[in-house]
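Novice: I have a structure I would like to understand better, so I am pasting it below and will then ask my questions one at a time.
The values are calculated or read from the model by the stated rules, or taken from the named source; none is laboratory data. A quick note: this is a predicted structure, and the numbers were derived from the prediction, not measured. Positions of Cβ are generated from backbone atoms using ideal geometry, with glycine treated the same way; all protein chains shown enter the neighbour counts.
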Amino acid sequence: MNRDDALLEIDDLHTHFVGEGEPVRAVDGVSLRVARGAITGLVGESGSGKSVLSLSVLGLVPPPTGRIVSGRIRLGGRDLTSLSQKELRHVRGNRVAMIFQDPMTSLNPYLRIEEQLGEVARLHLGLSRAAARDRAVEMLDRVGIPDPAQRIRAHPHELSGGMRQRAMIAMALLCEPELLIADEPTTALDVTIQAQILELLAGLRDERGMSILLITHDLAVVSAVCENVYVMYAGRILEQGPTREVFKTPAHPYTLALLRSVPRVDRRAGVASGSHLLKSIEGLPPRLDAGPFQACRFAPRCDLVRDACTRAEPTLELREGRGRRCVAEPDELR
Amino acid sequence: MSAPAANGWVRLRRNRAALAGAAVLAAITGLCFVAPLLFGLDPHTTDPAARHLGPSGAHWFGTDALGRDYLSRCLVGGRTSLLVGLAATVTSVLVGVVWGAVAGYSGGRVDEVMMRFVDFFYGIPYMFLVILIMLLFSETARGEPLPVFLALGLVQWLTMARIVRGQVLTLREREFVQAAIVSGAGPVHIIVRHILPNVVNVVVVYATLTVPAVIILESFLSFLGLGVKLSWGQLVAEGVAVVNPIQSYWWLLFWPSLLLGATLLCLNFLGDGLRDALDPRTRT
């Protein structure tokens with residue numbers, strides 16, 4: 001990954017939730033780049049800090065307990081962590097947009113699509129009511145909603161789930177943001193709609209050079225559309241690199257374990273034939289409120305654990321565009 | 001905004017119960033405010049020869065212990081009750097909704113302070129509070145309707161604030177609010193555009209319940225000599241007082257109760273209809 005064409009650069013970000021006692025280290029030293037015009041995947045299980053990471057980018061870590069303790073988040077070279085709330089509001093929706101997991105609840109049931117989309121356009125682009133409406137129709141058309149001039153008069157409950165997610169995407173695209181953060185955009189949709197939405201996202205990247213940070217726990221989604229992938233675990237990136245390579249030759253035991261725990265259509269699962277057997281990862285993720293990690297955070301669940309793993313947390317080892325935090329030899333991961 | 005309002009109107013007009021409620025309410029209101037002027041009805045003139053007369057051609061609703069025409073008293077009394085109910089409810093809705101929405105949306109310390117304020121006033125017996133507020137006004141002003149409206153409204157908003165805050169607390173976490181925040185909307189915009197429309201149904205229903213509560217409260221105030229003279233509540237109270245097994249002056253209780261009951265029922269129907277009409281998910 002070339003450093004120069006990165007749109008979003010996150011450096012050593014620490015986002016903690018501070019209460020009584022030890023803080024919860026939800027994001028614990030994450031560095032991540034989203035290249036211009038590319039879809040970058042961020043995978044990890046529930047509670048690994050993916051969503052907190054995306055909220056950090058938007059300056060929306062819930063106060064008063066949540067805060068960015070250290071690190072930098074730069075969008076096109078500009079540091080977002082030093083912006084005021086007012087400046088951040090201008091960034092949100094305008095330069096960075098976000099779409100959520102559940103399109104059923106992401107639209108206000110009391111507002112027509114027209115009003116919901118229109119107000120974003122008026123807010124950021126200063127358009128008149130009529131111009132905002134035209135813009136909204138144009139966007140709905142762009143995301144593949146048939147008969148947009150008619151549909152725009154609908155209330156959310158009158159649209160199907162896939163349609164609502166398209167409307168959400170249209171809303172996110174109104175101001176032509178440079179970066180789109182998609183937090184589990186397809187999780188609540190059935191597979192055929194999922195494929196259409198992913199296709200739509202890939203199309204938007206191609207035709208407008210939009211950068212997308214795709215947050216998901218679905219490995220199939222990542223392999224379908226992401227150029228690069230980051231694997232997050234317990235607040236930290238354990239492995240990163242081009243999706244193809246990472247999935248083909250995972251360099252971290254966690255990635256390997258993740259891949260082995262997912263059924264694949266082209267393989268028969270459940271047959272006792274070695275690597276084809278679906279394997280769950282034993283144990284639970286570590287607590288994030290037990291002080292700084294002194295050992296590899298995956299060690300308690302790792303098959304390849306050794307003394308070195310419990311003495312210190314492995315440093316990020318970068319080689320040929322790939323990176324991992326592990327001391328095991330690559331050959332051991334076959 | 002005009003489009004959904006128009007649609008709501010269409011939905012409201014299709015709700016027969018609500019429409020009937022609105023019509024009866026309008027009729028009662030009209031009678032109370034217009035009829036006494038039109039027919040020169042006088043609720044105050046006493047007539048010792050006509051004490052405790054039952055309903056007749058001369059006195060449709062009968063007369064009371066001082067021989068005053070009961071129809072006039074019921075209609076003029078209705079003015080007070082309706083005005084008090086409306087004004088106090090409007091006050092309570094305005095204050096309560098703003099207070100609750102700001103507290104709930106701000107959360108944290110602001111919420112804490114604002115709601116402790118509400119708790120504090122909740123802790124004081126409301127009658128005591130009403131009397132305190134009334135005492136702020138000069139003695140001559142006390143018999144006027146305005147102090148009573150204010151005093152009652154300023155007590156009623158407490159519950160409204162709590163209800164709205166509770167709603168806003170859950171709404172704030174809803175994804176469409178998050179989506180609005182992510183689109184760069186400011187707090188005022190979010191409260192007005194996204195949160196308030198979603199609490200309207202609860203507010204409308206509670207407001208229709210507040211009107212009767214206020215009307216009854218006012219009658220209690222009248223009983224203590226602090227309310228506005230002559231209201232339905234007061235007439236009912238007088239009517240109840242003269243109920244006895246030997247000599248029944250049933251009309252003294254019946255008429256004001258009928259008017260009061262009909263008004264409250266109509267308000268409930270109307271409130272129900274409004275709630276449905278304002279929700280776009282109701283099919284037109």
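Novice: Could you run through the range A:202-225 and say how many residues are touching a Leu at 6+ places or on another chain (Cβ under 6 Å), assigned to a loop (DSSP other than H, G, I, E, B) and closer than 20 Å to A:Val52 by Cβ?
Specialist: Residues flagged as touching a Leu at 6+ places or on another chain (Cβ under 6 Å), assigned to a loop (DSSP other than H, G, I, E, B) and closer than 20 Å to A:Val52 by Cβ within the range A:202-225 amount to 0.
Novice: Within the range A:111-131, can you find the residues that are more than 29 Å from the chain's Cα centre (by Cα) and either buried (at least 21 other Cβ atoms within 10 Å of the Cβ) or within 12 Å of another protein chain (Cβ to nearest Cβ) (or both)?
Specialist: A:Arg129
Novice: Follow-up. Yes or no: B:Ser138 farther than 19 Å from B:Thr89 by Cβ, within 14 Å of chain A (Cβ to nearest Cβ) and either in contact with a helix residue (DSSP H, G or I) (Cβ under 9 Å, 6 or more places away or on another chain) or not acidic (Asp, Glu) (or both)?
Specialist: On the way: farther than 19 Å from B:Thr89 by Cβ: yes; within 14 Å of chain A (Cβ to nearest Cβ): no; either in contact with a helix residue (DSSP H, G or I) (Cβ under 9 Å, 6 or more places away or on another chain) or not acidic (Asp, Glu) (or both): yes.
Here the answer is no, as B:Ser138 does not meet what is asked.
Novice: On to the next question. So which of B:Val182, B:Val177, B:Val202 is within 14 Å of chain A (Cβ to nearest Cβ) and surrounded by fewer than 20 Cβ atoms within 10 Å (Cβ to Cβ)?
Specialist: Being within 14 Å of chain A (Cβ to nearest Cβ) and surrounded by fewer than 20 Cβ atoms within 10 Å (Cβ to Cβ) holds for just one of B:Val182, B:Val177, B:Val202, which is B:Val202.
Novice: Something else now. For the range A:135-148, state whether one or more residues are within 14 Å of chain B (Cβ to nearest Cβ), surrounded by 22 or more Cβ atoms within 10 Å (Cβ to Cβ) and not β-branched (Val, Ile, Thr).
Specialist: For the range A:135-148, residues within 14 Å of chain B (Cβ to nearest Cβ), surrounded by 22 or more Cβ atoms within 10 Å (Cβ to Cβ) and not β-branched (Val, Ile, Thr): present.
Matching residues to (1) at pLDDT 90 or above; (2) out of contact with any strand residue (DSSP E or B) (no Cβ under 8 Å at 6 or more places or on another chain); (3) of a type outside the set (Ser, Thr, Tyr); (4) farther than 30 Å from B:Gly261 by Cβ:
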position	(1), (2), (3), (4)
B:Gly54	no, yes, yes, no
B:Trp60	no, yes, yes, no
B:Thr63	no, no, no, no
B:Leu71	no, yes, yes, no
B:Val93	yes, yes, yes, no
B:Val97	yes, yes, yes, no
B:Val113	yes, yes, yes, yes
B:Tyr122	no, yes, no, no
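Novice: I'm trying to understand the selection: among the residues of the range B:248-282, which are touching a residue at least 60 places away in the same chain (Cβ under 8 Å) and among the polar types (S, T, N, Q)?
Specialist: Of all residues in the range B:248-282, those touching a residue at least 60 places away in the same chain (Cβ under 8 Å) come to B:249, B:251-252, B:255-256, B:259-260, B:262-263, B:265-280, B:282.
Of everything in the range B:248-282, those that are touching a residue at least 60 places away in the same chain (Cβ under 8 Å) and among the polar types (S, T, N, Q) turn out to be B:Thr263, B:Asn268, B:Thr282.
Novice: If we keep just the residues of the range A:87-108 that are over 13 Å from A:Met168 (Cα atoms) and in a loop (DSSP other than H, G, I, E, B), which is nearest to the other protein chains (Cβ to nearest Cβ)?
Specialist: At the first step, the residues of the range A:87-108 found to be over 13 Å from A:Met168 (Cα atoms) are A:87-92, A:94-96.
This time we only want the ones that are in a loop (DSSP other than H, G, I, E, B), so: A:94-95.
Values: A:Asn94: 6, A:Arg95: 9 Å.
Here the residue is A:Asn94.
Novice: Can you tell me which residues in the range B:106-139 are surrounded by 11 or more Cβ atoms within 10 Å (Cβ to Cβ) and not in a helix (DSSP H, G or I)?
Specialist: B:Gly107, B:Ile124, B:Leu136, B:Phe137
Novice: Taking only the range A:5-59 into account, find how many residues are in a loop (DSSP other than H, G, I, E, B) and over 17 Å from A:Ile237 (Cα atoms).
Specialist: Summing the residues that are in a loop (DSSP other than H, G, I, E, B) and over 17 Å from A:Ile237 (Cα atoms) in the range A:5-59 gives 12.
Novice: Enumerate the pairs (first residue in the range B:80-109 and closer than 19 Å to B:Gly271 by Cβ and in contact (Cβ under 8 Å) with a residue 40 or more places away in the chain; second residue anywhere and charged (D, E, K, R) and assigned to a helix (DSSP H, G or I)) with beta-carbon separation below 6 Å, excluding pairs fewer than 6 apart on the same chain, so at least 6 apart or on different chains.
Specialist: Pairs that qualify, where the first residue is closer than 19 Å to B:Gly271 by Cβ and in contact (Cβ under 8 Å) with a residue 40 or more places away in the chain and the partner is charged (D, E, K, R) and assigned to a helix (DSSP H, G or I), are B:Val84/B:Glu218; B:Gly100/B:Arg165.
Novice: Just checking, which of A:Leu75, A:Leu32, A:Leu8 is over 15 Å from the mean Cα position of the chain (by Cα), in contact (Cβ under 8 Å) with a residue 12 or more places away in the chain and over 27 Å from A:Gly162 (Cα atoms)?
Specialist: A:Leu75
Novice: Run down B:Val200, B:Val228 and say which single residue is within 28 Å of the chain's Cα centre (by Cα) and modelled with pLDDT of 80 or more.
Specialist: Within the list B:Val200, B:Val228, the selection yields B:Val200.
Novice: Being touching a helix residue (DSSP H, G or I) at 6+ places or on another chain (Cβ under 6 Å), surrounded by fewer than 21 Cβ atoms within 10 Å (Cβ to Cβ) and more than 13 Å from chain A (Cβ to nearest Cβ): is that true of B:Val214 here?
Specialist: no
Novice: Scanning the range A:60-74 for residues that are touching a helix residue (DSSP H, G or I) at 6+ places or on another chain (Cβ under 7 Å) and away from chain B (no Cβ under 14 Å), which turns out nearest to A:Gly235 (Cα to Cα)?
Specialist: A:Ile68
Novice: Follow-up. Go through (1) within 26 Å of the chain's Cα centre (by Cα); (2) within 13 Å of chain A (Cβ to nearest Cβ) for B:Val148 and report which single condition fails.
Specialist: Going through the list (1) within 26 Å of the chain's Cα centre (by Cα); (2) within 13 Å of chain A (Cβ to nearest Cβ), B:Val148 breaks only (2).
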